[in-house]
Structure formats: structure tokens, C-alpha cells
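Worksheet: the structure to be examined is printed underneath.
Read the figures in this text as sums done on the coordinates, not as results from a lab. Every value quoted in this text rests on a predicted model; they were computed, and no experiment measured them. Neighbour counts are summed over all protein chains in view; Cβ atoms, including those assigned to glycine, are modelled from backbone coordinates with ideal geometry.
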Amino acid sequence: MMFIRGVGMTKFGIQDVPSGQMIYESALEALGDCGISMNEIDAIVVSNNDIISNGERQRHSASMLSSLFQKKIPIVAVTSGCSGGGTALWTAIRLQKSGNYNNILVIGFEKMVSNLSSKVTDEMLMGAERLYEQSEGMNFPAANALVAQQYMSIYDATSDDLALVAYKNHQNGYLNPKARFYKKKISIDEIKKSPVVASPLRLFDCSIPANGAAALILSKEKSDIEVIGSAEETDYLAPFEREDMISWDASKKAAAEAYKQAGIYPDDIDVAELHDAFTSVELISYEDLGFCKKGEAKELIRKGITNLNGKLPVNTSGGLKAKGHPISATGISQIYELVKQMRNEAGERQVSNIKYAMAQNIGGAGSNVTVHILKKC
């Protein structure tokens, strides 16, 4: 049995501070959350996309953390694109099962805003596509726009449905003190009239980069939050290589495995943090995770089912859309939000009567997916 004992995260935003400071802040909060010290940490799993070096010319994350925490313990560095945080937790769970590690510190961090935009685009966002597509300008927005076009043409979803996803998440992010868009009102009209990035995706259909770090303590010692499902799946890099561009096998398979481990069904989930790198991805995820049948995701957003006061609140944190997306920190920040919700510590965005919660973290356009299911003990 695996438990989440403590969680911590920085505010996601444009703060230009050293990575070590963000890491330390999030780890300190996680340690304080469960009342233990670094002396009780037996191993660390850290995720960071070293390729962009965080603007600090520091690519050896594991040893950097050893120096930062003055710990000579096993430290495993994980890179998995945008699903790095979820993959770090998945890795930590396997490490804990196979070794004599009681408490594992799991950390994700990234400095996106501090880097020149061309560096982030060329080395990170373009680098998640194959070389052949990169030369034709196939970055994340373009790839996801192609997926969205196919989805909308087949299932009659509209740009207004995408706008509703963005609006919902910005409303939630407005209530989250750690979100980049905290207390920043965004109207539905602003969303619908924002510039087109890659049709049909507009500016407000795309997640926003941020600097930030998030941490959690995974433990064998019983706490109030148990990890009852943990799965990771990988698919071909480009969506057009797959049998179906608009139903992502990695997400479906990871969800199926996590449900099986947890012994529950999609209808049992009370709250979810989904990887809304683009608003269209959230809609597709409703279906891939079993929350509705194929083609019915638009009905969930139109009827308010995934709103904060709906039957299945999704992205109560604001999601990547409004909380911000510091790549490797995202998956762990999803767990942070769910733990806060399950402990009734989410303030104005609190959801009631939570027993089961889900976090879905995606790398690329559905090329790598982790799904974790938590239970309130």
C-alpha cells in the first residue's frame, strides 16, 4: 500500500528565481505538510526537462538535489516531456515497491518563462515532434489543431465548446492562489475573440507556460490519502501514425489499468485533474477516461457536468490552462490539488464528498500518459 503523506508547490507564474529556490520551497512545504524532515527521506525522484537547462546551464538534476538537500541517497532523474511529473510518481511507486524505501520525495520543476521564447519553442516544444515534422513547423499547437479539426468534424463539437472548457478552467484558476491567473477575470467573450493560433485553436485554447515546482511525499506509512491506481502507457509520437487520431490509446489503456488496480469504475471518480494542454485535449480525455461515450464530451461541458458545482468537477485548480504549465511540475501539481480537495483544504474552490480522485498527465499529443487514482481513507 502506498500513501501520499504530504504535498507542496510554489505559485506557478513568472517569478524569476533559481530552480533550487523553487525546489526547496515546494519540498519544504511537502515535508511540513506531514511533519517530517529531510533526514527521514530515503530516496528522491525528480523530473525536469534538462534539454532546455532552465537557463542555468545545470543539466544534472540528481546531483544538484544531492547538493541542495545535503543528502547522499538514491536520486533518480526522469524526463518524459509534459508527463514528467506523473511519470516521476509512477517511477517512485515502483521504486518503493522494489526497495527498502519508506519515504520518497517526488519533485518536478521547470523554468519556462525565464528562457527566451525561441529556446522554449525550438528545443522543447518542437523537440517533442519528430525531426521530419519539425522542419515543416509541426509544433504542439499545430499537431493538436489537426487533432481538434478531425474531432470537431466527426463529432460536431464547436469552437464554442472549446471556449466553455477554457472559461470553466479560468473561473477555477481565479480561485486558486497558486495559479498564474489567480484573481484575473477572463470573460467568455475574450476567449472567443482571442487570436487564432492554429485553427480551430485560439490563444485561450492553449495552456500557458510558467515557472514553478511541485513536490509530494510518497510513503509506506498509512496516511489519509492512498494511491490505489497507478499506470503509464506510451504510444507512437505523432498522432497521424496511430489508428485513431482522436482517441488516444495511451490514455485509454492507462485509465483501464488504473481502474483495474483501484477496483473502481469511471462513475466512481468524484473529482479529476486532467491534462488540458489544449481545450480540445480535455474534451477528448472525457471520452478516453470513460466519463462519457465517444462523441459525447461536448454534452458534459455544455451541461456544466464538469464545472466546479457539477457532478464531476474537472480541473478545480484551473488546470494547465489557468494554473499554468511548467512542464515537469504539472503532473505533481495535479496531485497537490487533489490532496487539498480530499482534505477539504481547497478554500473557495472546494468540492464536497470526495472519496476517489483521478490525475491524468499527458506527454506530447497523447504519446505518453500516466493515470493515478487516489482514495480518501
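Below are the figures for this structure:
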quantity: FRET efficiency for LYS184 and GLU345, using Cβ-Cβ distance with R0 set to 22 Å, rounded to 0.05; calculated: 0.45
quantity: Set of lysines near LYS185 by C-alpha distance (under 26 Å), chain-local residues within fewer than 8 positions excluded; calculated: LYS11, LYS111, LYS168, LYS193, LYS298, LYS303, LYS311, LYS321, LYS323, LYS340
quantity: Where the Cα pairs of the stretch 137-235 fall when distances are cut into 10 Å bins, in %; calculated: 12, 31, 31, 19, 7, 0
quantity: Percent breakdown of C-alpha pair distances by 10 Å bin, ordered from the shortest bin, for the stretch 214-348; calculated: 11, 40, 39, 9, 1
quantity: Residue of PHE12, PHE240, PHE204 that the Gaussian network model of the chain assigns the largest fluctuation, springs spanning Cα pairs under 10 Å; calculated: PHE240
quantity: Cβ-Cβ FRET estimate between LYS222 and ASP16, R0 fixed at 35 Å, reported to 0.05; calculated: 0.30
quantity: Gaussian network model of the chain, springs between alpha carbon atoms under 10 Å - residue of SER61, SER333, SER317 with greatest fluctuation; calculated: SER61
quantity: Simple spin-label estimate for SER199 and GLN70 in nanometres, 7 Å along Cα-Cβ; calculated: 6.1 nm
quantity: Under-5 Å amide H pairs with ASN315, H placed in peptide plane, nonlocal only; calculated: ALA272, GLU273, LEU274
quantity: Value in Å of the Kirkwood radius, where the chain supplies the Cα pairs that are averaged; calculated: 20.2 Å
quantity: Value in Å of the Kirkwood radius, where the stretch 1-95 supplies the Cα pairs that are averaged; calculated: 14.2 Å
quantity: Rounded to whole Hz, the Karplus (6.51, -1.76, 1.60) HN-Hα couplings of the stretch 299-304, x for glycine and proline; calculated: 5, 5, 7, 5, 8, x
